[in-house]
Amino acid sequence: MGWGLEIAPDALRLCRAEPSRGGIRVRRALEAPLPAGLIQPSPRDRNLLDPAALAAPLAALAKGAGCRGSVRVALPDPVFILRSIPTDELPADRTEARQFLRWQARDHLPFPAEEARLDYLSVPPGPDGRARTACLVARERVLAEYEQLLSGASLRAAVVDARSVALTQAASALFTTRTSGLLCGCGVRTTLLIVEDGRPRVWRILATEGHPGGSERPPVPPGGLRLAPLFPGGRRDRPGGATVCPRARLPHAGDRVRLDGLAGGAGRAPRPSPPDHRPPVVRVLRRGPDALGRAAGGGHSPMLIQGFNLASADYQKRRRAARLTGAIVLGLALLLVAQLAVWVGLRREGTAVGGRLLAMEQEIRQHQEAVRTIQTGIPAEAVKQYEARVAAYNQILEASAFSWIGLLVELERSVPAGVVLHEIHPDLTTGRVALHGAARTFDDLSRLLRGLEERTVFRDVFLREQRARTSPAGPERQSGGGPDGLEFTVSLVYQGRAR
């Protein structure tokens with residue numbers, strides 16, 4: 001769960017807790033007593049009379065505990081105002097809902113509504129059946145005093161709540177009823193907090209008898225609240241001074257708590273404990289079993305009671321921005337590490353390839369030197385004979401690669417009637433072929449060229465030469481010799497030579 005800090009008029013208390021078996025286990029707790037008068041809780045006036053005198057013990061307490069960063073802060077109850085406001089409907093956006101509730105609660109605030117910092121929870125409907133909203137309100141500049149004090153000790157308030165509400169959350173396992181009450185004594189004041197269905201509903205802050213603002217024990221109104229003694233008949237089954245008092249009775253109508261009887265007082269508040277810095281005494285008043293209690297006994301989260309959070313919205317935005325920035329920085333760092341790893345791998349591979357290339361170049365030079373050494377010992381005539389043999393072998397290989405049958409088949413498909421081929425001269429190296437032949441008419445020659453171009457194995461078909469062919473006149477020709485067809489020469493490239 002993290003660190004929790006209580007700022008009280010008599011002491012600063014810091015602890016680290018975590019969930020354990022359906023409850024809360026305190027791992028570490030420290031306390032620093034404060035001189036009287038340094039903190040004067042008030043919802044309207046200045047609270048910290050000497051911030052410098054408070055900064056030193058708070059910094060020493062945080063340093064001794066090893067606490068830095070975010071903490072859950074519990075402030076004295078008189079700093080806040082808890083009101084249950086009837087609301088038929090709230091805006092869906094929480095910012096707009098807070099503005100609406102500030103306007104609704106303006107008549108209940110001892111300071112301008114524009115200076116209020118507010119958080120809210122939905123609570124069960126009242127006796128009139130209207131939906132209600134529990135609002136915890138504090139003055140902006142009062143909370144700013146405490147936040148500035150925390151900043152001087154390198155701390156930030158992730159959650160700001162009232163002391164009694166935070167204590168109720170910590171003692172959630174004791175609240176096993178639909179409606180419960182918590183009576184919390186601290187110094188000269190006692191707070192009575194009513195919790196219904198896991199949500200703070202209303203409270204009353206009473207002055208302790210024998211202190212300024214105290215009073216004689218008032219009579220209990222009809223149907224009012226009767227407080228049981230601290231220990232007789234009670235059951236002290238939780239650490240921290242929490243006592244379950246089964247003899248206590250809450251006023252009710254059916255299954256609902258009647259809260260109007262609490263306005264005039266709830267009996268005389270208990271006397272304060274001696275100033276020996278022991279944990280304050282807490283009385284828990286409850287009535288009837290409920291699903292909330294079954295959930296507490298069934299291993300659910302110990303934070304069954306919902307609380308408020310009046311931490312600065314700017315801090316929450318900065319916290320989200322810091323988390324986003326941290327995630328971006330972490331992503332960029334991982335990307336940089338990955339790029340560095342790739343670069344190192346490529347550099348190693350390049351170094352290895354460069355070494356292999358140098359070794360290959362050295363081997364090639366050695367082979368060239370060996371060839372030159374061998375060539376110097378061979379006579380020139382033998383070299384010429386070898387070269388002639390190599391040329392002959394190359395011609396044989398080229399001739400074997402040339403497909404005569406394929407060429408003749410393609411020519412047979414391309415040569416039309418009226419055309420005769422006399423000579424075929426292929427170049428085995430380039431695949432160029434020269435065709436010599438005769439055609440009866442120019443139309444026959446044109447059909448030959450078109451047929452050769454249509455074959456995919458032939459390209460670059462050109463008519464190199466054409467001339468009229470004459471022959472002596474026969475017996476049928478009485479006027480002497482005349483033209484007897486055309487002779488031509490065509491060049492093309494044969495692409496079907498490779499096997």
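Structure notes:
- Of all residues in the range 53-70 being surrounded by 13 or more Cβ atoms within 10 Å (Cβ to Cβ) and part of a loop (DSSP other than H, G, I, E, B), the one that is modelled with the highest pLDDT: Cys67
- Selection from the range 454-468 of residues that are surrounded by 13 or more Cβ atoms within 10 Å (Cβ to Cβ) and either closer than 15 Å to Thr489 by Cα or out of contact with any strand residue (DSSP E or B) (no Cβ under 6 Å at 6 or more places or on another chain) (or both): Arg455, Val457, Val461, Leu463, Gln466
- Applying the condition of being open to solvent by less than 50 Å² (accessible area, probe 1.4 Å) and of a type in the set (A, V, I, L, M) to the range 392-408 and asking which residue is nearest to Phe462 (Cα to Cα) yields Leu407.
- Matching residues in the range 1-43 - criterion: being of a type in the set (Gly, Ala, Ser) and either within 18 Å of Ser164 (Cβ to Cβ) or modelled with pLDDT under 90 (or both): Gly2, Gly4, Ala8, Ala11, Ala17, Ser20, Gly22, Gly23, Ala29, Ala36, Gly37, Ser42
- Residues that are of a type in the set (Lys, Arg), closer than 30 Å to Leu428 by Cα and open to solvent by 70 Å² or more (accessible area, probe 1.4 Å) occur at least once in the range 380-387.
- Filtered by the rule that a residue be out of contact with any strand residue (DSSP E or B) (no Cβ under 8 Å at 6 or more places or on another chain) and in contact (Cβ under 8 Å) with a residue 24 or more places away in the chain, the range 46-57 gives Arg46, Pro51, Ala55.
- Candidate set: the range 311-352, residues that are among the small types (Gly, Ala, Ser) and closer than 22 Å to Val71 by Cβ; chosen: the one modelled with the lowest pLDDT: Ala313
- Within the range 33-52, being closer than 14 Å to Ala11 by Cβ and open to solvent by less than 40 Å² (accessible area, probe 1.4 Å) holds for Leu34, Gly37, Leu38, Ile39, Pro41.
- Restricting attention to the range 111-128 and to residues that are at pLDDT 90 or above and in contact with a Ser or Thr (Cβ under 9 Å, 6 or more places away or on another chain), the residue that is nearest to Phe80 (Cα to Cα) turns out to be Arg117.
- Of all the numbered requirements in (1) touching a Lys or Arg at 6+ places or on another chain (Cβ under 6 Å); (2) in a loop (DSSP other than H, G, I, E, B); (3) aliphatic (A, V, I, L, M), Ala36 misses one, and that requirement is (1).
- Those residues of the range 422-444 which are surrounded by 17 or more Cβ atoms within 10 Å (Cβ to Cβ) and within 27 Å of Thr470 (Cα to Cα), in sequence order: Val433, Leu435, Gly437, Ala438, Ala439, Asp444
So that you can scan it fast, the table gives a plain yes or no per residue for (1) part of a helix (DSSP H, G or I); (2) modelled with pLDDT of 85 or more; (3) closer than 18 Å to Phe488 by Cα; (4) of a type outside the set (Gly, Ala, Ser):
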residue: Val409; (1), (2), (3), (4): yes, yes, no, yes
residue: Pro416; (1), (2), (3), (4): no, yes, yes, yes
residue: Leu428; (1), (2), (3), (4): no, no, no, yes
residue: Asp444; (1), (2), (3), (4): yes, yes, yes, yes
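The values are calculated or read from the model by the stated rules, or taken from the named source; none is laboratory data. Not measured: the values here are computed from a predicted model. Heads up, the Cβs are rebuilt from the backbone with ideal geometry, glycines too, and the neighbour counts pull from every protein chain shown. What goes into the accessible areas is simple: the full protein's heavy atoms, side chains included, and nothing from ligands, DNA or RNA. Shrake-Rupley method; radii C 1.70, N 1.55, O 1.52, S 1.80 Å.
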